[in-house]
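Data first, discussion second: the structure below is written as structure tokens.
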Amino acid sequence: MSSITAPSPAVDPDHPLVPATRGRRRTELIMLIFAFGLVAFAFANVGYSLKGRLPSSMVEYLGAFVVITVIGHLAVRRLAPWADPLLLPLAAMLNGLGIVMTYRLVQQGNLLTAPLSPSATGIQVFYSAIGVGCFVAVLALIREPRVLQRYTYTLGAIGLALLALPALLPSSISQVYGAKIQIRLGTFTVQPEEFAKLALAVSFAGYLVAKRDVLALAGRRILGIDLPRARDLGPILVIWAASLLLLVFESDIGTSSVFMGLFVAMLYIATSRTSWLLLGFVMFVAGAFAAAKLFGHVGERFDIWLHPFSGLNPSHNAYQLVQGLYGMASGGLLGKGLGGGQPYITPLVQSDLVFTAFGEELGLAGLMAILLIYGLIVQRGLRAAMSVKEPFSKLLAGGLSFMLALQVFVIVGGVTRLIPLTGITTPFLSQGGSSLVASWMLIALLVRISDTARRPPPRPIQEEGLTQVVTLK
């Protein structure tokens, strides 16, 4: 009788790709230094514009932000050494700019329609620490993305419960400016939908990997398009109904569109069937139009979008949108400089319409740079999706990347009147904790998937030296 024992497979330190990891980490460190410099310059710009000197609290806020981000960098070096070197710096850059804008608005917080407390900047830094802490926790707990596939239906149930929770609670603790999207816990509020989207993205990926072959089957061909079979329409009908319930009972157009768009996009990625995209788009638009005719609060959103300058809208229902448009228009191409504008005139500029504040003070050029940063994050996520071989991880990375892109499109399209304005947050930039923490968790999942995709194969067992044990009987 003979048996063979050998050490567990490990990455070969002499593998030709191993030195590349040092280059990746060096690139990440250089990009982080650039991000720190950009945030420091933005802080200084605000101080000189508003007070004629460097802000005294700049060192405290910037120092805390640097420490928090360096902890995230060290965690990536330790837990995901093969990860994409740009994801963390790009996210940190957006997070830092969000802290700067919160600080800038706090300086004139008494002029805001919803005043900010003097401690709002410190609280935002604290939320950043929680976000990076969750970023590290995700990397530490999830060593292989495919383990999440085991919890497909559990995470789906959790996601749906989190989405429905604000609608089931009394308006006194869940309604904020007409939309039931938050839950008040003492002096703090939580937006369950931010975490629900992550849970549902994982659930959708697990479900579609298992069912993609069935859903890819073609039915009748109409106008050159192979439509899905009628028996396969069940999942998209359920998601469509759930998105309309969100629209009606929570008055949340943003989450409703992201929820529906996420499923349809992942369905298209899984099956490569264009008919699913067309069907999902037509279903959502038809449902939203019907809801606008049947429910007054939904119709009001469409009226604000189509006729913001008509009748009493500019000074009543459309006041927020109109002021945001005026602010971006006054910023012009290069903006008025951080601290040089009047973004505080726009209601809820610190959260829903923070993009217009950047547009007024950084101008069109600054907005294009911010959108470019988002685009780079999405591109790196899609690159990870294309590189990883495991089907679940591939679909999850593609879904998360698309979800981030869709969320940015929904809020930017809303403030520019491309689509109806929604109450959805701008990832990393909006003041508040739920969106920031969830965004860092999304980046952590992309970092883990990119690490899995780039990791070199284990050393072949033949090269590790064989030990043969022969037992004679």
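The values are calculated or read from the model by the stated rules, or taken from the named source; none is laboratory data. Computed from a predicted model, the values in this text were never measured in an experiment. Ideal geometry is used to build each Cβ from the backbone, glycine not excepted, and the neighbour counts take in all protein chains shown. Only protein heavy atoms, including side chains, enter the accessible area calculation; ligands, DNA and RNA are left aside. Shrake-Rupley method; radii C 1.70, N 1.55, O 1.52, S 1.80 Å.
In terms of its Cα atoms, the stretch 231-290 spans 32, 20, 16 Å along the principal axes, sorted from long to short. Shown for the stretch 207-312: the carbon plus sulfur share of the solvent-accessible area, taken with all protein chains present and a 1.4 angstrom probe, equals 68%. With the cut-off at 1.5 for a/c, could you classify the stretch 216-333 from its C-alpha gyration tensor as rounded, prolate or oblate? Prolate, since a/c reaches 1.5 and a/b exceeds b/c. For the stretch 43-129, averaging the sequence separation of C-alpha pairs within contact (under 8 Å, six or more residues apart) and dividing by the residue count gives a relative contact order of 27 percent. Taking one quarter of the surface of the convex hull spanned by the alpha-carbon atoms of the chain gives a direction-averaged projected area of 28.4 nm².
Counting only protein heavy atoms and a probe of 1.4 Å, the accessible surface of the stretch 378-461 is 67% carbon and sulfur.
In this Cβ point-charge picture (+1 for Lys and Arg, -1 for Asp and Glu), the chain has a dipole of about 820 debye about its Cα centre. Please go through the residue pairs 197/389; 211/389; 197/394 and name each one whose alpha carbons sit more than 29 Å apart in this structure. Long pairs (Cα-Cα over 29 Å): none in the table. Rounded to the nearest 10 degrees, the angle from helix 192-215 to the longest Cα principal axis of the chain is 50 degrees.
Annotation: peptides 366-377, 86-97, 400-411, ranked by per-residue average of other Cβ atoms within 10 Å with the highest first, follow the order 86-97, 400-411, 366-377.
Using only alpha carbons, the stretch 19-165 has a radius of gyration to Kirkwood radius ratio (Rg to Rh) of 1.07. Only helices enter the 222 nm calculation for the chain: every DSSP H run of n ≥ 4 contributes -39,500 (n - 2.57), and dividing by all residues gives -22000 deg cm²/dmol, rounded to 500.
The packing ranking of peptides 419-432, 267-280, 51-64, highest mean first, is 419-432, 267-280, 51-64, where packing means the average number of other beta carbon atoms within 10 angstrom of each residue.
Spatial offset of the stretch 71-148 relative to the stretch 241-264 amounts to 27 Å, using the alpha carbon center of each.
For the peptides 328-341, 349-362, the ranking by packing is 349-362, 328-341, with the highest mean count of neighbouring Cβ atoms within 10 Å listed first.
With contacts taken as Cα pairs under 8 Å and at least 6 residues apart, the chain reaches a relative contact order of 25 percent. Averaged over its residues, the chain has an accessible area of 45 Å² per residue, based on protein heavy atoms and a 1.4 Å probe.
Using a cutoff of 8 angstrom between alpha carbon atoms and counting only pairs six or more residues apart, the relative contact order for the stretch 310-439 works out to 22 percent.
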